[in-house]
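Here is the structure we will look at.
The values are calculated or read from the model by the stated rules, or taken from the named source; none is laboratory data. This structure is a prediction, so every number in the text was calculated from the model and none was measured. Glycine also receives a Cβ, built like all others from the backbone with ideal geometry; neighbour counts cover every protein chain displayed.
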């Protein structure tokens, strides 16, 4: 990877794209440090520290690199856009008009992207209003009454919503003039900015080894396991099941077409991190309710919601089951074995030993079902491993498996794009 980046740096136009991407990410980090007016951010930081990470707000705070708890301009980051894109993806299956747009090629995709952006802006405004109510309930507002209270509310809500829309614009600029997927790169920068706190936490635990010798063993063990996890993610992201396909020969005019052998690649991790995002969002609802609503610690509702705490075994089991469920659900709405079999038949292709038509679709269904289970177990292992390590060692591991999966995936995609750019330019040093 470093060799690829070094070779890309030698090409003038690629160097400009890399520098432009770095400039956009720098603007993002600067915006994540600019405070919103009429707020006392220290109140929000204290409340987030007491509420913990096992709720929806803690999850958003991780994705924003701590900007959410600091109540800065980019506090919501790209979370409204991610929610909007997920909603539009699901509605594409349910609404025929959106499904037709998804099949209209480049123009259809542009229209869908425009709809997704408008949906993200609307959700950003709703989320900004909810964030203002949270800040008001926690006593973080400077003005709450009269015209000053109304004016400050408008400024705060519009600032949060505008910050979210500006981040999407910055991501579009990376897509047009930079390297990598813009939204993914911003998410990558936000997560990495919070990695320093994880490193500091590990260092503090290692220093505690003078009082408890076990930390001298636990800290290196966790570091080794995280390195193994990264290698495992790299392998599984590239893993695929290749179904052999044989194309029949056909004569068109004076030319003969077909007759070659190929394969149909099916990735092991077909759904990316979406099942983890779905599962963690649902399981974060009880913790969010407990953080918002004052409850009696001895009451049954408090005890019931406490069963969904991030560091409990019950949470890990539910987390794994939901990841498997959502992985199957996402693959089912994205891949249609009947359509894949019909496309093969229309192109005079067939899977060796399998009859065209229904037998082919049934064969593809069985293959996808097995691969989906493997991919779901892979995602479940990555997501639950930090929880298991926390339960065994008693250490608060602030960097979760989801964050590592996103960071590694974005890094791999960016390197692949750099390699493609150099391949198109016939870069001699790379081709050799």
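Test residue 82 against the stated conditions and say whether it is without any contact (Cβ under 8 Å) to a residue 40 or more places away in the chain and either buried (at least 16 other Cβ atoms within 10 Å of the Cβ) or part of a helix (DSSP H, G or I) (or both).
Values: without any contact (Cβ under 8 Å) to a residue 40 or more places away in the chain: no; either buried (at least 16 other Cβ atoms within 10 Å of the Cβ) or part of a helix (DSSP H, G or I) (or both): yes.
No, not satisfied.
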If only one of 332, 341, 316 is within 14 Å of residue 247 (Cα to Cα) and in a helix (DSSP H, G or I), which one is it?
341
When both residues are 6+ apart or on different chains and their Cβ atoms are under 6 Å apart, which pairs have a first residue that lies in the range 214-242 and is in contact (Cβ under 8 Å) with a residue 24 or more places away in the chain and on the phi < 0 side of the Ramachandran plot, and a second that is in a loop (DSSP other than H, G, I, E, B) and surrounded by 13 or more Cβ atoms within 10 Å (Cβ to Cβ)?
236/268; 236/269; 237/269; 239/268
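Go through the range 1-21 residue by residue and tally those that are exposed (fewer than 14 other Cβ atoms within 10 Å of the Cβ), assigned to a helix (DSSP H, G or I) and within 25 Å of the chain's Cα centre (by Cα).
Matching residues across the range 1-21 total 2.
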Could we say that residue 27 is modelled with pLDDT under 80 and not in a strand (DSSP E or B) here?
no
Within the range 303-313, track down each residue that is closer than 21 Å to residue 395 by Cβ and assigned to a helix (DSSP H, G or I).
306, 313
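Give me a count of the residues in the range 163-183 that are under 19 Å from residue 114 (Cβ atoms) and either in contact with a strand residue (DSSP E or B) (Cβ under 9 Å, 6 or more places away or on another chain) or touching a residue at least 60 places away in the same chain (Cβ under 8 Å) (or both). Steps first, answer last, please.
Kept after step one, since they are under 19 Å from residue 114 (Cβ atoms), are these residues of the range 163-183: 164-176, 181-183.
When the remaining residues are screened for being either in contact with a strand residue (DSSP E or B) (Cβ under 9 Å, 6 or more places away or on another chain) or touching a residue at least 60 places away in the same chain (Cβ under 8 Å) (or both), the result is 164, 166-168, 170-171, 173-174, 181-183.
Residues that pass the stated criteria total 11.
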Please indicate, with yes or no, whether at least one residue in the range 219-234 is part of a helix (DSSP H, G or I) and under 30 Å from residue 362 (Cα atoms).
yes
Residue within the range 44-62 that is at pLDDT below 85, on the phi > 0 side of the Ramachandran plot and not in a loop (DSSP other than H, G, I, E, B) present:
no
Any hit, the range 281-297, residues being in a strand (DSSP E or B) and either under 30 Å from residue 48 (Cβ atoms) or in contact with a helix residue (DSSP H, G or I) (Cβ under 9 Å, 6 or more places away or on another chain) (or both):
no
For residue 383, indicate whether it is surrounded by fewer than 16 Cβ atoms within 10 Å (Cβ to Cβ), in contact with a helix residue (DSSP H, G or I) (Cβ under 9 Å, 6 or more places away or on another chain) and either in a helix (DSSP H, G or I) or at pLDDT below 80 (or both).
no
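Filter the range 194-203 down to the residues that are buried (at least 18 other Cβ atoms within 10 Å of the Cβ) and part of a helix (DSSP H, G or I) and list them by number.
Correct list: 202 only.
May I ask you to list the residues in the range 116-154 that are farther than 17 Å from residue 36 by Cβ, under 30 Å from the mean Cα position of the chain (by Cα) and surrounded by fewer than 15 Cβ atoms within 10 Å (Cβ to Cβ)?
Narrowing the range 116-154 to residues farther than 17 Å from residue 36 by Cβ: 116-123, 126, 145-147.
Filter once more, so that each one left must be under 30 Å from the mean Cα position of the chain (by Cα): 116-123, 126.
Of everything in the range 116-154, those that are farther than 17 Å from residue 36 by Cβ, under 30 Å from the mean Cα position of the chain (by Cα) and surrounded by fewer than 15 Cβ atoms within 10 Å (Cβ to Cβ) turn out to be 118, 122, 126.
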